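All remarks here apply to the structure that follows.
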Amino acid sequence: MLALLMTLAAAHPLPDPLAAGWQGEPVCEKLHEDAEQRVLRCSFPPGVGHERHYHDKHFGYALSGGRMRITDASGTREVDLATGSSYASDGTEWHEVVNVGETDVIYLIVEPR
């Protein structure tokens, strides 16, 4: 199963969250990676976003919340992300986000391998 997921990820036409950035600049940094997981910290000052990208299965945690505009296959919406909130996702085919608030938004993303 892991080999299949890695093959699918390698064939994906969009960048993963680490490779995707904003206006040519990275927004995520790799904090840890081993055979079992990868941990990213993604930081979005006001007006900064994350270009269109995909996610494999992951867990997210908001170190610092704020207001984000999210665009995906279901449309565009604005959401308020509370500091300390978390979520689990089976993956996202694609989305793009931009910080439309007045505070820095910082996420941790934990991806199983």
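Just so you know, all these numbers are worked out from the coordinates, no wet-lab data involved. From a predicted model like this one, the values you see are computed outputs, not experimental measurements. Neighbour counts run over all protein chains shown; Cβ positions are idealised from the backbone, glycine included.
Restricting to segment 67-103, what's the tally of residues that are among the hydrophobic types (A, V, I, L, M, F, W, C) and over 20 Å from residue 52 (Cβ atoms)?
Qualifying residue count, segment 67-103: 2.
Give me a count of the residues in segment 43-60 that are more than 18 Å from residue 93 (Cα to Cα) and out of contact with any Gly (no Cβ under 9 Å at 6 or more places or on another chain).
Final tally of qualifying residues: 4.
Working only within segment 23-62, note down all residues that are of a type in the set (S, T, N, Q) and surrounded by 13 or more Cβ atoms within 10 Å (Cβ to Cβ).
37, 43
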